[in-house]
Each structure stands twice: as structure tokens, then as C-alpha cells.
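Below is one structure, written out as C-alpha cells; the observations come after it.
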Amino acid sequence: MSKLVLRDVSKTYGATVALSHGDLTLEAGEVHVLIGSNGSGKSTLCKIVAGSVRPDSGRVEIDGKPVAISGPQAARTLGIGIFYQELSLAARRTVEENICLSDLPMKAGLFIDRATLSDRAARYIALFDGVTGEGFAADAPVDTLRADQRQLVEIMKTLASEAPILIFDEPTSALDRAQVDRFFEILRGLKNDSRTIVFISHRMDEIFAIGDRVTIIRDGRTISSMAIADTQPPALIRLMVGEKEELASASAPAPAPDAGKTALAVSGLSGPGFANVGFDLKHGEILGFGGLHGQGQSAALRALFGANPYVSGTVSLAGHPVRIATPAEAIRQGFAYVSGDRRRDGVITGRSILENVTPIHFLRRRLALVRPGALRKAAEPAISAMKTRFAGFSHPIDSLSGGNQQKVVIARWLIDRPDILLLDDPTKGIDLSAKADLFALIRELAAHGMAIILYSSEDAELLANADRILVFNGGRPVRELTGEDRTRYNLYQAAYEAAFGAA
Amino acid sequence: MNGIPPLFRQPLAIALLLIAVLLVLGEQLSPGFASMQQILRLLIVAALLGIVAAGQNLVILGGREGIDLSVGGIISLSAIIAGNLMNGADAGIPLAIAGCIVAGAFFGLLNGLGVTLLRIPPLVMTLGMLGVLQGLLVVIRNGIPSGRAAPVLSQFVTQPVLFGLPGIIWLWIAVGLLMAFLLRRTVFGQRIYAIGSNEHAAIMAGVPAARIRILLFVLSGVFAAIAGICLLGYSGSSFANVGEQYMLPSIIAVVFGGTSLAGGKGGYTGTMAGAVMLVVLQSILTTINIEESGRQMIFGATLLVLMLFYGRGRAMRT
């Protein structure tokens with residue numbers, strides 16, 4: 001009898017089908033790998049097992065009995081332990097307290113039983129003896145630890161749940177080679193104890209090193225499940241991307257007047273969430289950032305724009321090194337940044353359309369006074385270039401549809417044109433016609449010599465619009481795809497590739 | 001905004017309507033309440049409150065829980081500094097004005113730095129500053145006399161100077177015009193609304209949010225200092241904690257005038273009407289012999305009732 005079975009589960013968010021036919025069968029004593037492209041439904045399936053998302057339909061069985069995983073608490077009672085990719089640690093508490101956090105031993109039902117807590121935590125800390133690194137101690141507060149050490153604590157915490165089913169969603173992203181090896185040893189031990197392990201990783205080498213079986217998800221459906229021993233990486237990628245081969249843009253863009261001149265050179269850029277990012281970007285070029293979600297693409301773009309700090313590396317504009325610490329400085333240097341999270345990063349809520357279009361103009365022209373007539377005149381061409389539908393400049397921006405709001409946000413960069421445009425998943429949550437308008441504009445801007453970086457979580461968008469694609473994995477660019485190589489297959493092969501120089 | 005009764009969607013209209021109703025009511029209770037002379041007296045008091053509320057208004061518009069509880073302390077300090085620097089002589093006025101503005105700006109700057117660099121919530125920062133100022137006032141009082149207003153200053157505040165209106169009312173009108181210009185016609189004003197509405201998006205659009213927020217607290221300190229000078233002229237000499245009674249009303253006037261406590265929405269015109277309304281209300285309460293303690297309770301309750309109505313817009317926003 002299978003340990004856990006998901007049969008034909010589905011989940012819809014509004015008009016978006018996240019998962020249409022999800023099937024998953026987990027056996028006792030196996031490491032089961034889940035793979036899928038961006039938006040395939042892999043993380044939705046995982047969340048359903050974890051109880052953080054409730055399916056619209058379908059059946060869930062544990063040990064042959066139908067169950068309802070109604071929430072994270074219910075998942076725990078049913079014997080499911082989850083490693084959270086976004087670390088769920090209490091920063092000011094110690095390592096041992098965090099390990100036992102979900103089940104603190106109590107004395108007299110009121111006080112924490114320190115001795116039992118230390119004993120219990122020590123068992124899990126001992127598993128990683130020798131690879132925890134300097135500064136790691138049972139009584140060290142978690143916020144004093146390095147990223148890899150925090151990830152180890154998260155793993156220990158998951159192991160401490162002693163659940164029969166353990167789900168690890170990218171548990172190795174910050175770990176070094178020795179730590180990964182040790183973790184895999186522990187997983188093999190658990191497997192021999194008949195525990196069930198779900199493993200999600202963006203490293204093909206890891207998948208083949210530890211996986212017993214693999215389930216491939218594509219377009220909201222479970223495509224196939226098979227034994228790892230019966231397959232090879234190319235076959236898996238083929239299954240993941242499907243037969244339809246989306247080709248890169250056929251027509252090369254017309255060369256811009258100053259095409260060929262380097263607009264932006266970045267090397268060795270490292271910071272929170274990204275490492276060793278380097279590239280040259282020419283005028284008139286659209287450089288794509290690709291790979292699976294959250295592999296450092298956004299973090300690197302935000303660092304270039306001065307919105308996030310970077311620790312090391314150099315950035316030079318047209319050959320001159322610059323150090324950018326705030327968005328205002330970046331804007332003065334000729335950068336523009338459009339975020340897909342427009343409610344957080346873009347829209348100035350509750351204010352008029354005019355007020356939403358003008359801030360960059362104010363900054364770049366160093367204006368002190370507002371002259372509405374002149375501003376309207378300046379904003380008119382920018383906003384009509386985006387084919388924005390709106391009733392009047394004085395209307396609140398909240399009165400527009402999502403796509404039109406994003407157009408207004410983009411229009412603010414077009415009054416005084418930037419040299420370098422950073423697009424951070426700019427089409428997230430906007431309608432198809434707005435997307436088409438946006439990409440037509442981007443191509444035109446590039447044709448006029450603007451240097452553009454496009455990160456998109458939609459592979460088709462990226463393949464159709466980027467001249468070159470830098471594929472990220474684990475915060476690092478792992479491969480560059482140019483010309484005929486820009487295919488979905490290569491994109492995913494690279495997305496599952498180990499990072500250059502990763503230990 | 002559906003949760004708000006239609007009447008409350010036009011704060012300025014409500015304030016004006018309430019002022020009219022209160023004046024008629026006052027005239028009924030005590031004939032002569034709405035006489036020209038009496039109304040002028042009320043307007044002088046409203047101007048004092050309105051000038052304080054201008055700074056309060058700016059800080060609140062800037063968002064991130066912006067509020068300045070230290071204005072009462074700055075008013076009192078300013079009144080003492082002014083009283084000592086002029087000490088009854090007109091010649092001391094320029095120095096007094098300069099000294100007060102520097103002091104107000106200094107404490108405002110400390111507030112602003114605490115709120116931005118140290119990330120102390122404005123409520124806590126300015127409450128702490130109020131405590132510091134109150135202590136400072138006790139120390140000052142033990143060492144030096146309170147000083148007296150210069151005759152010209154007293155005249156400016158209490159006697160007609162132009163078209164039958166006292167100078168302070170002209171000053172308030174000027175503050176009103178300045179605020180309208182600042183908020184509607186300057187980039188600085190637009191940036192205040194931007195950081196009050198969505199600070200993160202504003203920063204991403206190149207708005208120097210921290211610098212602006214510091215400046216808002218500085219301006220609040222300066223407006224409070226100016227009000228302190230005028231208050232000295234109004235009462236002739238300063239007395240202990242003379243400014244304290246302005247703190248709560250300055251906030252109520254802003255909220256009553258339609259400025260959202262969440263920031264990013266509102267303006268000064270409504271605040272001016274709110275200030276007049278509060279002063280008329282206070283006067284009626286005095287007329288019907290309600291004690292200071294009772295007036296305080298009614299003011300506090302007014303703010304809470306206002307929050308009940310206006311606060312909903314905010315809850316729905318986030």
C-alpha cells in the first residue's frame with residue numbers, strides 16, 4: 001500500500017488554473033523527486049500536501065485511508081513534516097529552541113523543560129557534526145548564523161518533527177558540498193527506516209544522486225512518474241518542457257545607432273540572494289534573465305537599481321565604474337526599473353494618474369515646482385506610447401485596470417528616457433493585450449538604443465524577446481544561451497544545472 | 001469607502017456646517033456669542049491652533065504612522081524663549097523670533113532623525129521628546145523668570161492691523177496660502193503625498209523619503225515655535241506648560257479636516273475649518289459651564305468618534 005496518494009487534485013485561482021490534474025503517489029522508504037517548469041503547478045501540488053493550499057477537487061489518501069489536509073496543523077497531525085524554502089525560523093531564539101520550536105518540551109505544563117530540550121536538539125545537531133562550520137552552537141541565536149547554517153537549522157527542525165512523510169522544498173540551495181553529502185547520508189538512513197521523502201531541487205546532479213523516483217509536472221498536470229534509474233537528465237527535461245519547441249524570436253532586431261557599445265558592464269556582483277553575477281550589456285540589446293523562480297534574478301536587478309545592497313562586485317556604465325546605493329542615484333545615472341509587484345513597488349496608491357507619471361521627471365529635471373499644464377504636455381506622449389486607456393490625468397490611478405496601472409507606471413520612465421531599463425517580471429498579473437503592447441514598446445526602445453534587461457517568469461516571453469539569456473540557478477548565472485540555443489529545452493537544462501564553481 | 005456615511009465624505013462641508021450650527025446654538029445659549037467681536041476673538045484662538053495644526057498636518061500626511069506629540073512642549077519652550085529674549089521690549093523681537101525658530105527646528109530635527117535613522121515609531125519618539133521638553137521647561141523655570149511679550153507682539157496678535165483683522169489672522173491666512181502652494185504646486189508637496197501613500201513605491205521612483213520625513217518634523221517644530229511666539233503675544237506672559245492644551249486639538253483639527261491618519265490623503269483647508277470648529281465648540285462648552293476636565297473628555301471622545309468614521313477607509317486600504 002502506498003504511503004500517500006493524491007488522485008486528480010485541482011486548484012484554480014480566479015481565472016488561473018494552477019493545477020488541473022495533479023497525481024502523486026509516494027511509497028514508504030523512497031526519496032521522491034518533483035520537477036516542473038515555472039508555473040507548472042509543482043509548488044501548488046507541494047502546498048496541497050503541506051496543507052497550506054486546499055484543493056478544489058480530488059482525493060488524498062494516507063495509508064489507504066481518505067483524509068482532508070485542512071491546514072498546516074492538520075498536515076503535522078497526519079504525519080507530514082515540511083521544510084520551508086522561505087526560512088521559518090525565529091531569528092532571536094537559539095539553535096536548539098528553533099529545532100524544538102513546533103513541539104517544546106514542557107514542565108508542569110507551564111515551563112520549558114530546558115534539559116529535555118537540549119537533549120532532544122543535540123540528537124539532530126549531532127547528525128551534522130563536523131560540517132556545521134564556525135560559530136555554530138546549540139545556544140547560538142539563529143540571527144548570528146550564516147545562510148547555510150540557518151538552512152541546516154531548518155533541516156534539523158524538519159527532521160525533529162519525526163514525521164513519517166518529510167517534504168524538502170529546495171533544502172540544499174545554500175549548502176556547501178560537504179553539507180549536502182551529509183544531508184544525503186541522513187536521507188538514505190531515513191529511507192531505510194521506511195520514511196517517505198519528497199525532494200525538490202534545481203540541481204540535476206542532486207536529483208540523480210539521491211532520488212529513487214521522479215514525478216514530472218507540466219501545465220498543471222502530472223505527466224509521468226518513473227524510477228530515476230530508468231531515465232536520464234535529457235529525457236527528464238524533454239518531459240518537463242513538452243514536445244512543442246518554442247523557438248526564439250526569428251527576426252533579429254534592427255541594429256541601433258550606437259549598437260555594439262557597452263552600456264553596462266557588471267562583474268562579480270554578489271549580495272543577499274545572488275552571487276557572482278557578471279555580464280556586458282550593449283546598447284540596443286535585450287538581455288534575458290531566465291531560470292526557475294527566485295534563483296536570484298530579481299535580487300540582482302534590485303541590487304543594480306540600488307534597492308537592495310550588494311556586498312561585492314563592480315558595476316560600470318559606459319566604461320565608468322559607479323557605486324549605486326539608492327534608487328534615486330540609479331535613476332540619475334540613467335537606470336529605470338519596472339517591477340511586476342506593482343502594488344508594492346510601482347503604484348502610488350490613492351493618488352492621481354498625473355502624480356503617478358511625474359516622479360521620475362521631477363528627479364531627472366531637478367524640478368521644484370509643479371506646473372500641471374506643462375506636466376500634462378510632457379506626460380502625454382509617454383502615456384500614449386503605452387496605449388494607456390484612461391479618462392483623465394486627474395483621476396485616481398486606482399480607477400484603472402491592473403494592466404493600465406502598470407502602463408502608467410512604465411510611462412513614468414518614458415518622459416525622460418533612461419539608458420538602461422531593468423524589467424523585473426513586468427507582466428505579472430496583467431492582461432494579454434497589455435503584454436503585447438508592452439513587448440512591442442520594449443522592442444522599439446531597444447531599436448532606439450536602449451539597453452534592456454528582462455527577467456520574466458514566463459519562458460515564452462523570455463524566449464520571444466531576449467536576444468541573449470543568462471540562466472540563473474541558486475543565485476548564480478550558470479549558462480548563457482544565444483542565437484539558436486535559445487530553446488525551452490536548453491533553458492531547463494541550464495536551470496537544473498549546477499552553478500559554475502559551486503562547491 | 002462604502003462604510004463611511006455620505007455626510008462624512010465631505011469633511012470641509014461638515015466642518016463649515018458644524019461651525020454655523022454651533023454659532024447659532026451659542027447665540028441661543030448666550031446672546032452675544034456670535035457677535036463680530038466675539039467671532040474675531042475666536043478666530044485669534046483658532047489661528048494659534050491652526051498654525052500648530054499646519055505642522056501636525058504635514059507630519060500626518062507623510063504617513064508611516066506620522067504624528068507629532070511634542071508640539072505642546074515646543075510651544076511652551078518657544079513662549080519662554082521669546083519672553084526672555086524680548087522681555088517687554090520691541091527691539092528684542094527679531095532675535096526672539098530667530099531664537100524660537102532655531103529651537104523649534106532643532107527639536108523637530110531630533111524627532112525626524114529618531115523616526116528615520118533610528119526607526120523609532122513617531123508616537124514613541126515624539127512622546128519621549130515631549131517628556132524631555134517638559135523636564136527642560138521645569139529646569140528653565142527654576143533658573144529664570146518667564147519674561148514678557150513685547151508691546152508690538154501683543155498688538156499684532158490681539159489688535160486689528162488691517163481691514164479690522166488682527167495680524168495673527170493675516171498670518172494664518174498666509175500660512176494657509178503657503179500650505180496650499182506647498183502641497184499642490186511644489187514637487188516637495190507631491191513627494192509628501194507619495195511617501196504617505198506608498199512609501200516603498202515612492203522610494204523606487206527616486207523620492208528621498210527619509211530626507212522628506214525629517215523635513216516634515218522640522219517644519220512641525222517650526223510651526224509650533226511660531227505658535228509659541230504668538231501665544232506669548234496673546235497672553236502677555238508665558239506660564240507653565242502653556243502649550244500642552246494644543247497637542248490633542250491639533251491632531252483632532254487635522255483628522256476632522258479630512259486628512260487620513262494613515263497618510264497620503266487630505267489637505268490644509270479642511271484642517272483650518274477643523275481648527276475653527278474646535279475653538280467654537282470649546283467656547284460653547286465654556287459658556288455652558290463645563291469644566292476643563294469635561295472639555296478634555298469631550299475632545300478625546302471627539303477624536304475617537306472621528307476615528308470610528310474615518311478609520312474605516314484605512315482598514316480597507318491595507
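The values are calculated or read from the model by the stated rules, or taken from the named source; none is laboratory data. All values derive from a computational prediction rather than experimental measurement. When we count neighbours, we look across all protein chains shown, and the Cβ atoms used for this are built from the backbone with ideal geometry, even at glycine.
Among the residues of the stretch B:200-256, those that are small (Gly, Ala, Ser), away from chain A (no Cβ under 14 Å) and more than 17 Å from B:PRO122 (Cα to Cα) comprise B:ALA225, B:ALA227, B:GLY228, B:GLY233, B:SER235, B:GLY236, B:SER237, B:SER238, B:ALA240, B:GLY243, B:ALA253.
Got at least one residue in the stretch B:181-188 being at the interface with chain A (Cβ under 10 Å from one of its Cβ atoms) and touching an Asp or Glu at 6+ places or on another chain (Cβ under 7 Å)? Within the stretch B:181-188, none of the residues are at the interface with chain A (Cβ under 10 Å from one of its Cβ atoms) and touching an Asp or Glu at 6+ places or on another chain (Cβ under 7 Å). The conditions are (1) surrounded by fewer than 20 Cβ atoms within 10 Å (Cβ to Cβ); (2) of a type in the set (Gly, Ala, Ser); (3) over 13 Å from A:ILE80 (Cα atoms); (4) touching a helix residue (DSSP H, G or I) at 6+ places or on another chain (Cβ under 7 Å), and A:SER201 fails exactly one of them. Which is it? Condition not satisfied by A:SER201: (1). Can you confirm whether the stretch B:83-100 contains a residue that is in a helix (DSSP H, G or I) and closer than 17 Å to B:LEU130 by Cα? Scanning the stretch B:83-100, I find at least one residue that is in a helix (DSSP H, G or I) and closer than 17 Å to B:LEU130 by Cα, so the answer is yes. Mind checking whether some residue in the stretch B:67-86 is in contact (Cβ under 8 Å) with a residue 40 or more places away in the chain and over 23 Å from B:SER235 (Cβ atoms)? Checked the stretch B:67-86: at least one residue is in contact (Cβ under 8 Å) with a residue 40 or more places away in the chain and over 23 Å from B:SER235 (Cβ atoms).
So which residues in the stretch B:148-161 are under 18 Å from B:ALA46 (Cα atoms) and not in a helix (DSSP H, G or I)?
So the first thing to find is which residues in the stretch B:148-161 are under 18 Å from B:ALA46 (Cα atoms), and the list is B:153-161.
Result: B:GLN159, B:PRO160, B:VAL161.
Of the residues making up the stretch A:335-353, those that are more than 7 Å from chain B (Cβ to nearest Cβ) and in contact with a Pro (Cβ under 7 Å, 6 or more places away or on another chain) are A:PHE335, A:ALA336, A:VAL338, A:GLY340, A:SER352. Residues in the stretch A:168-198 that are more than 15 Å from A:VAL153 (Cα to Cα) and among the β-branched types (Val, Ile, Thr): A:THR196, A:ILE197, A:VAL198.
At least 1 residues being closer than 24 Å to A:SER298 by Cα and not aliphatic (A, V, I, L, M) is the threshold, and among the helices (runs of 4 or more DSSP H) wholly inside the stretch A:321-412 those reaching it are A:327-332, A:353-357, A:359-365, A:402-411. The set of residues in the stretch A:303-315 that are surrounded by 15 or more Cβ atoms within 10 Å (Cβ to Cβ) and either assigned to a strand (DSSP E or B) or facing another protein chain (nearest Cβ under 9 Å) (or both) comprises A:PHE305, A:ALA307, A:GLY313, A:VAL315.
Kindly provide the set of residues from the stretch A:298-318 that are of a type outside the set (A, V, I, L, M) and closer than 17 Å to A:GLY268 by Cβ, ordered by number.
Narrowing the stretch A:298-318 to residues of a type outside the set (A, V, I, L, M): A:298, A:302, A:305-306, A:308-310, A:312-314, A:316.
The answer is A:ASN308, A:PRO309, A:TYR310, A:SER312, A:GLY313, A:THR314, A:SER316.
Of all the residues in the stretch B:176-204, those that are of a type outside the set (D, E, K, R) and surrounded by 21 or more Cβ atoms within 10 Å (Cβ to Cβ) number 13.
Considering only residues that are among the small types (Gly, Ala, Ser) and assigned to a helix (DSSP H, G or I), which ones fall in the stretch A:184-233? So that I can check it myself, show each step before the final result.
Within the stretch A:184-233, the first condition is being among the small types (Gly, Ala, Ser), and the residues that meet it are A:189, A:194, A:201, A:209, A:211, A:220, A:224-225, A:227, A:229.
Scanning the stretch A:184-233 gives A:GLY189, A:ALA209, A:ALA229.
Against the list (1) of a type in the set (A, V, I, L, M, F, W, C); (2) over 24 Å from A:GLY334 (Cα atoms); (3) touching a helix residue (DSSP H, G or I) at 6+ places or on another chain (Cβ under 9 Å), the condition A:LEU462 fails is (2).
Of the numbered criteria (1) modelled with pLDDT under 85; (2) within 14 Å of chain B (Cβ to nearest Cβ), the one A:MET386 fails is (2). In the stretch A:433-468, the residue that is surrounded by the fewest Cβ atoms within 10 Å (Cβ to Cβ) out of those that are farther than 20 Å from A:GLY346 by Cβ and charged (D, E, K, R) is A:GLU444. Kindly establish whether A:ILE430 is within 14 Å of chain B (Cβ to nearest Cβ), touching a Leu at 6+ places or on another chain (Cβ under 9 Å) and either surrounded by 14 or more Cβ atoms within 10 Å (Cβ to Cβ) or closer than 16 Å to A:VAL338 by Cβ (or both). Answer is no for this residue.
Residue pairs whose Cβ atoms lie under 7 Å apart, sitting 6 or more positions apart in sequence or on different chains, and linking a residue in the stretch A:153-182 that is outside any strand (DSSP E or B) to a partner that is hydroxyl-bearing (Ser, Thr, Tyr) and surrounded by 20 or more Cβ atoms within 10 Å (Cβ to Cβ), are A:MET156/A:TYR124; A:LEU159/A:TYR124; A:ALA160/A:TYR124; A:PRO164/A:THR196; A:GLU170/A:SER201; A:THR172/A:SER201; A:VAL180/A:THR172. In summary, B:GLY313 fulfils each of the numbered conditions (1) out of contact with any Asp or Glu (no Cβ under 7 Å at 6 or more places or on another chain); (2) surrounded by fewer than 24 Cβ atoms within 10 Å (Cβ to Cβ); (3) within 30 Å of A:VAL409 (Cβ to Cβ); (4) at pLDDT 85 or above with the single exception of condition (4). Step by step: first the residues of the stretch A:354-378, then only those that are out of contact with any Phe, Trp or Tyr (no Cβ under 7 Å at 6 or more places or on another chain) and away from chain B (no Cβ under 13 Å), then the one that is nearest to A:LEU438 (Cα to Cα). Which residue is that? In this case the residue turns out to be A:ALA378. In the stretch B:159-188, the residues that are of a type outside the set (Asp, Glu) reach residues that are crowded, with 16+ Cβ neighbours inside 10 Å and part of a strand (DSSP E or B) with C-beta atoms within less than 7 angstrom, at least six apart or across chains, in these pairs: B:GLN159/B:PRO166; B:PRO160/B:PRO166. Residue by residue through the stretch B:43-62, note down the ones that are in contact with a Ser or Thr (Cβ under 7 Å, 6 or more places away or on another chain) and in a loop (DSSP other than H, G, I, E, B). Across the stretch B:43-62, there are no qualifying residues.
Residues considered: B:VAL242, B:VAL255. Of these, the only one that is more than 26 Å from B:LEU177 (Cβ to Cβ), among the aliphatic types (A, V, I, L, M) and surrounded by 22 or more Cβ atoms within 10 Å (Cβ to Cβ) is B:VAL242.
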